[in-house]
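The values are calculated or read from the model by the stated rules, or taken from the named source; none is laboratory data. These numbers come from a predicted model, not from an experiment. All Cβ positions, even for glycine, are placed from backbone atoms using ideal geometry, and neighbour counts span all protein chains on display. What goes into the accessible areas is simple: the full protein's heavy atoms, side chains included, and nothing from ligands, DNA or RNA. Shrake-Rupley method; radii C 1.70, N 1.55, O 1.52, S 1.80 Å.
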Amino acid sequence: HTRRDVRLATVSGVVTTTADMISYADRRLDALEMITTKSYQVEPNPGNREPIITEPEPGCWGNSVGLRNPGMRQVKEELSRMRVGKLLNLSISGSSPEEFITLARYLVDAADLLELNFSCPHAADGYGSSIGGSWRIASSYMEQIRSALGDDYPLPIIPKLTPNTDDIPRIAESLISSGADGLAAI
């Protein structure tokens, strides 16, 4: 048998919701090569009220945190105190291209990659899957973000696709042609 290297990363969400949890994953979870943060927004967001579990179908469970986060100022402060040895993929969420651009500029020194949350199904209207579910909206956001940040933005910009659409190939193609450096598909 030939040994295959397994490369793992966390996905945005429950595992890496705090700086302490990111540090723990960095120090203790040796199989990980990349840590993806939860999604951060310009302003703090209290998220959904407890319980934060959803059951879309009987026996099918998921989290419904609703993008709970402390906002960009606090996360930049927290991440600036950390020394993460693994690749750090910073997930950001906005309801307009301008919010994504603000976050990308403000947090540019906080990570190794930048993930645009175009996927969250539990976010308020105007966020997450309401962006990524339409190739027209997603590509418009990506074009505006790439145009504002330029081709020399130092981090790879990777939109995260939503599975909540029947048109993933068209959305993926439109994002790449609009300036995405890659795609996150989970």
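Hey, E77 hits all of (1) in a loop (DSSP other than H, G, I, E, B); (2) more than 29 Å from R7 (Cβ to Cβ); (3) modelled with pLDDT of 90 or more but one; which does it fall short on?
Of the numbered conditions (1) in a loop (DSSP other than H, G, I, E, B); (2) more than 29 Å from R7 (Cβ to Cβ); (3) modelled with pLDDT of 90 or more, the odd one out for E77 is (1).
Which of the residues belonging to the range 150-186 are assigned to a helix (DSSP H, G or I), hydrophobic (A, V, I, L, M, F, W, C), in contact with a helix residue (DSSP H, G or I) (Cβ under 6 Å, 6 or more places away or on another chain) and open to solvent by 20 Å² or more (accessible area, probe 1.4 Å)?
First pass over the range 150-186, keeping only residues assigned to a helix (DSSP H, G or I): 168-177.
Subsequent filtering for residues that are hydrophobic (A, V, I, L, M, F, W, C) retains 168, 171-172, 175-176.
Filter once more, so that each one left must be in contact with a helix residue (DSSP H, G or I) (Cβ under 6 Å, 6 or more places away or on another chain): 171, 175.
The answer is none; no residue qualifies.
Search the range 122-137 for residues being within 15 Å of E99 (Cβ to Cβ) and of a type in the set (A, V, I, L, M, F, W, C), and hand back the single one that is farthest from the chain's Cα centre (by Cα).
Selected residue: I137.
Conditions tested, residue by residue: (1) without any contact (Cβ under 8 Å) to a residue 24 or more places away in the chain; (2) in contact with a strand residue (DSSP E or B) (Cβ under 6 Å, 6 or more places away or on another chain); (3) of a type in the set (A, V, I, L, M); (4) buried (at least 23 other Cβ atoms within 10 Å of the Cβ).
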| site | (1), (2), (3), (4) |
| --- | --- |
| V75 | no, yes, yes, yes |
| R81 | no, no, no, no |
| G85 | no, no, no, no |
| E99 | no, no, no, no |
| V108 | no, no, yes, no |
| D112 | no, yes, no, no |
| E115 | no, yes, no, yes |
| A123 | no, no, yes, yes |
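Please go through (1) under 30 Å from I145 (Cα atoms); (2) outside any strand (DSSP E or B); (3) at pLDDT 80 or above; (4) not basic (K, R) for T36 and return the number of the only condition it doesn't satisfy.
Every condition holds for T36 apart from (2).
Determine if the range 135-143 includes at least one residue that is aromatic (F, W, Y), open to solvent by 20 Å² or more (accessible area, probe 1.4 Å) and at pLDDT 95 or above.
At the first step, the residues of the range 135-143 found to be aromatic (F, W, Y) are 135, 141.
Remaining after also requiring open to solvent by 20 Å² or more (accessible area, probe 1.4 Å): 135, 141.
Okay, now just the ones that are also at pLDDT 95 or above, so 135, 141.
Within the range 135-143, one or more residues are aromatic (F, W, Y), open to solvent by 20 Å² or more (accessible area, probe 1.4 Å) and at pLDDT 95 or above.
Checking V84 against (1) at pLDDT 85 or above; (2) not in a loop (DSSP other than H, G, I, E, B), only one condition comes out false. Which one?
Of the numbered conditions (1) at pLDDT 85 or above; (2) not in a loop (DSSP other than H, G, I, E, B), the odd one out for V84 is (2).
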